[in-house]
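Written out below as structure tokens is the structure these notes cover.
The values are calculated or read from the model by the stated rules, or taken from the named source; none is laboratory data. All of these numbers come straight from a predicted model, not from anything done at the bench. Cβ coordinates were reconstructed from backbone atoms using ideal geometry, including for glycine residues, and neighbour counts include every protein chain displayed.
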């Protein structure tokens with residue numbers, strides 16, 4: 001076997017993290033399969049030695065007292081006669097074992113010179129499949145570690161017919177379905193975007209490795225965790241988040257340090273931090289709400305940007321909110337969105353009335 005073959009295995013191991021021994025086993029199996037088809041033999045073993053950089057092919061028989069299958073079994077007498085015949089023909093026979101006891105394996109080396117095109121193609125396909133399987137296994141392992149996390153991706157292809165886009169996540173190429181894109185956004189090749197890994201499809205031999213989305217509220221949460229150092233070090237905590245992708249997100253934050261303003265930390269100087277989030281999601285509005293253990297104050301804040309006059313409670317998890325007449329439409333929001341998001345953020349059913 002030539003040096004290029006082993007250099008290629010070294011390259012696969014280095015660049016794709018496919019173990020050399022794994023690929024050697026795949027190649028051995030592929031060549032054994034090709035050799036069986038070429039010569040019609042059963043029980044072919046191929047052994048590749050990466051240290052000596054050579055390959056040996058053996059045909060194996062089981063030593064038996066009485067032969068039932070001539071393709072796989074030989075008696076001791078047949079072995080002796082076979083070796084004498086090879087010696088008479090000037091063939092120097094090499095065997096893997098000197099044992100001649102009943103039940104032992106008898107293996108002698110073959111010297112296949114050339115594989116036909118069909119056999120070579122068969123071996124090639126098995127090798128390619130082995131690379132694909134190893135690559136897929138590696139990608140699955142990496143995606144498993146990224147499940148529930150934000151990934152940076154580059155758009156490499158846009159499918160005009162479906163609106164789906166192909167992205168490079170740094171682990172593999174993956175598909176971001178049109179249904180998982182932010183409503184109204186238009187993605188172009190070379191766009192750099194953030195995506196969220198919701199599910200890794202490790203049990204499927206075909207189909208997507210990972211499900212990606214830009215709609216999940218935790219994608220906004222992960223971006224805040226990246227952009228706000230106070231969240232990274234645990235000073236500011238995200239207590240709750242809800243989202244209607246492409247339109248509005250509400251996020252409730254709390255500071256463990258009285259000297260740190262949780263809302264101000266998330267917004268940043270002159271809105272520098274919050275602008276990164278809104279720009280990533282095409283101008284999606286983000287309301288940063290101060291969390292409070294005082295439920296009334298929390299509900300008031302959740303209805304921002306509306307100003308709330310009063311909050312009372314009627315039964316478990318039901319809040320009655322009173323606002324000035326000019327604040328009613330703002331509190332409810334377009335198609336009820338503001339009130340709906342506030343209810344999801346706080347966990348309370350909110351009934352809004354004008355004073």
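Worth pointing out:
- When residues of segment 184-202 are limited to those that are surrounded by 14 or more Cβ atoms within 10 Å (Cβ to Cβ) and outside any strand (DSSP E or B), the one modelled with the lowest pLDDT: 202
- Where a residue in segment 72-84 is without any contact (Cβ under 8 Å) to a residue 60 or more places away in the chain and its partner, wherever it lies, is part of a helix (DSSP H, G or I), with Cβ under 9 Å and at least six apart: 74/82
- Screening residue 229 against (1) at pLDDT 95 or above; (2) out of contact with any strand residue (DSSP E or B) (no Cβ under 8 Å at 6 or more places or on another chain); (3) closer than 28 Å to residue 183 by Cβ leaves a single unmet condition, (3).
- As for segment 210-222, it holds no residue that is at pLDDT 95 or above, surrounded by fewer than 16 Cβ atoms within 10 Å (Cβ to Cβ) and outside any helix (DSSP H, G or I).
- Any hit, segment 253-261, residues being crowded, with 18+ Cβ neighbours inside 10 Å, assigned by TED's automatic domain parsing to the domain that holds residue 280 and under 32 Å from the mean Cα position of the chain (by Cα): yes
- Identity of the residue in segment 281-310, within 29 Å of residue 186 (Cα to Cα) and touching a strand residue (DSSP E or B) at 6+ places or on another chain (Cβ under 9 Å), that ends up surrounded by the fewest Cβ atoms within 10 Å (Cβ to Cβ): 305
- Subset of segment 47-73 (residues that are over 34 Å from the mean Cα position of the chain (by Cα), within 26 Å of residue 5 (Cα to Cα) and buried (at least 17 other Cβ atoms within 10 Å of the Cβ)): 57, 58, 59
- Pairs, first at positive phi and modelled with pLDDT under 85 in segment 11-36, second buried (at least 16 other Cβ atoms within 10 Å of the Cβ) and assigned to a helix (DSSP H, G or I), C-beta under 8 Å, six or more apart: 17/138
- Top-ranked residue of segment 157-171 - restricted to ones that are surrounded by 14 or more Cβ atoms within 10 Å (Cβ to Cβ) and part of a strand (DSSP E or B), ranked as farthest from the chain's Cα centre (by Cα): 158
Table: residues versus (1) without any contact (Cβ under 8 Å) to a residue 24 or more places away in the chain; (2) outside the structural domain of residue 282 (by TED's automatic domain parsing); (3) within 30 Å of residue 134 (Cβ to Cβ).
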residue: 170; (1), (2), (3): yes, yes, yes
residue: 174; (1), (2), (3): no, yes, yes
residue: 183; (1), (2), (3): no, yes, no
residue: 196; (1), (2), (3): no, yes, yes
residue: 224; (1), (2), (3): no, no, no
residue: 227; (1), (2), (3): no, no, no
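- Residue 328 vs. criteria over 27 Å from residue 223 (Cα atoms), outside any strand (DSSP E or B) and either touching a residue at least 60 places away in the same chain (Cβ under 8 Å) or touching a strand residue (DSSP E or B) at 6+ places or on another chain (Cβ under 7 Å) (or both): yes
- Of all residues in segment 262-280, those satisfying the criterion of being touching a strand residue (DSSP E or B) at 6+ places or on another chain (Cβ under 8 Å) and buried (at least 17 other Cβ atoms within 10 Å of the Cβ) are 262, 263, 265, 266, 267, 274, 277, 280.
- The set of residues from segment 336-355 being in a strand (DSSP E or B) and touching a helix residue (DSSP H, G or I) at 6+ places or on another chain (Cβ under 7 Å) comprises 349, 350, 352, 354.
- Restricting segment 311-335 to residues that are closer than 23 Å to residue 239 by Cα and out of contact with any helix residue (DSSP H, G or I) (no Cβ under 7 Å at 6 or more places or on another chain) leaves a set whose member that is surrounded by the fewest Cβ atoms within 10 Å (Cβ to Cβ) is 316.
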